[in-house]
Amino acid sequence: AGTGIVFSRTLSDGSTAEYRAVSSQVGNTDLCTVLGTNMARSVATIEHVMAAIYALGLDNLVVEVEGAEMPIMDGSSFPFIEAIEQVGTVNLGVKRRYIRVIKPVRIDAGASWSEFRPYDGTRFEVEIDFDSPLIGRQSWKGDLTASVFRDELSRARTFGFMRDVERLWAAGYALGSSLENSVVIGDDDTVVNVEGLRYAKDEFVRHKTLDAVGDLALAGAQFIGCYRSYRGGHKMNAN
């Protein structure tokens with residue numbers, strides 16, 4: 001009890017670099033959420049596993065990882081949900097701390113915005129708007145529970161345009177990215193993946209909501225309130 005969520009990266013010399021999963025430890029939010037500012041010691045792409053950890057109500061956990069980035073798995077949180085449920089959890093018998101939203105607070109960045117509003121529960125209302133006929137304007141709204149996350153959000157995969165995948169590779173991220181772990185949109189604005197989408201047309205906004213759950217887990221405690229965003233992303237979620 002009281003450990004919180006800690007990421008422990010084993011370095012090439014056998015030593016470890018440890019980071020508490022809290023917003024003050026976030027070093028980069030350009031392409032994914034990264035803990036630490038030194039790439040030689042940081043841990044990248046933590047949002048998918050953090051979303052699973054938050055949705056299942058885990059407060060104290062040490063995540064040990066070798067390498068600079070969390071495994072991408074299938075591009076969603078579902079493998080982490082399955083793994084956690086397979087091994088089970090332990091109740092430590094200690095009262096849980098919450099962050100309660102008592103008044104509206106909002107940030108704007110150009111056409112994008114995000115805000116917290118008071119709400120009796122934990123709720124997400126996420127809207128995206130892409131200049132792409134395939135995606136367009138989509139929204140997902142719902143109270144977050146373990147079952148809702150598992151059924152409605154956890155299997156939504158990371159997505160991007162073919163040109164963005166090349167940018168990720170150039171930056172040293174998503175080196176294992178493939179059609180097995182990403183929804184890729186081709187230059188003709190169609191889904192390249194043969195199997196198509198997992199959630200009809202709105203897998204895109206469901207994954208953005210999944211990312212928001214993982215990023216907001218860095219608040220350091222479960223929150224009671226409603227998080228709303230329009231055209232948000234890792235940077236806005238972290239702020």
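Here are some notes:
- Taking the chain as a Gaussian network of alpha-carbon nodes connected by springs under 10 Å, the highest mean-square fluctuation of the residues I46, I135, I102 belongs to I102.
- Mean separation of Cα contacts under 8 Å, 6 or more apart, over the residue count of the chain: relative contact order %: 27
- For the chain, calculated [θ]222 nm from helices alone, where every DSSP H run of n ≥ 4 adds -39500 (n - 2.57): -5500 deg cm²/dmol
- When +1 charges are put on Lys and Arg Cβ atoms and -1 charges on Asp and Glu Cβ atoms, the dipole computed for the stretch 70-196 relative to its Cα centre reaches about 980 debye.
- Surface composition of the stretch 83-144: carbon and sulfur atoms hold 50% of the protein heavy-atom accessible area at a 1.4 Å probe.
- Annotation: amide H of M73 has no partner in the under-5 Å range at sequence separation 5 or more or interchain, hydrogens built in the peptide plane.
- Considering only G225, A212, V194, and ranking their Cα positions along the charge dipole of the stretch 189-239 that arises from unit charges at the beta-carbon of Lys, Arg, Asp and Glu, the one farthest toward the positive end is G225.
- Charge dipole magnitude, Cβ of K and R +1, D and E -1 - the stretch 166-239, Cα centre, debye nearest 20: 440
- Based on alpha carbons, the Rg and Dmax found for the stretch 31-145 are 17.2, 50 Å.
- Restricting attention to the chain, close to 60% of DSSP beta bridges with both partner residues there are antiparallel.
- Shown here: the stretch 107-147, whose C-alpha atoms stretch 35, 27, 11 Å along the first, second and third principal axes, sorted largest to smallest.
- Under 19 Å of direct C-alpha separation, and excluding same-chain neighbours fewer than eight residues apart, K103 reaches these aspartates and glutamates: E115, D120, E125, D143.
- Surface accessible to a 1.4 Å probe, M70 within the full protein complex, Å²: 20
- Given charges at Cβ of Lys, Arg, Asp, Glu: the chain dipole, positive-most of G136, S12, I46: I46
- A simple charge model with +1 on the Cβ of Lys and Arg, -1 on the Cβ of Asp and Glu and nothing else charged puts the dipole of the chain at about 1040 debye relative to its Cα centre.
- Cα gyration tensor, the stretch 1-53 - rounded (a/c under 1.5), prolate or oblate: oblate
- Along the chain, longest interval not containing exposed GluC sites (Glu not before Pro), exposed being DSSP loop plus at most 14 other Cβ atoms within 10 Å: 1-179
- Given in Å, the Rg to one decimal and the Dmax to the nearest whole number for the Cα atoms of the stretch 170-239 are 14.8, 43.
- Tail weight of P(r) past 26 Å, computed on alpha-carbon pairs of the stretch 115-239, percent: 22
- Selection from N28, L56, I99, by position along the positive dipole direction of the stretch 28-143 (Cβ): I99
- Descending Cα extents along the principal axes, the chain, whole Å: 53, 48, 36
The values are calculated or read from the model by the stated rules, or taken from the named source; none is laboratory data. This is a predicted model, so every value here is computed, not measured. Positions of Cβ are backbone-derived with ideal geometry, glycine not excepted, and every protein chain shown enters the neighbour counts. The accessibility values were calculated without ligands, DNA or RNA, using every heavy atom of the protein model including side chains. Shrake-Rupley method; radii C 1.70, N 1.55, O 1.52, S 1.80 Å.
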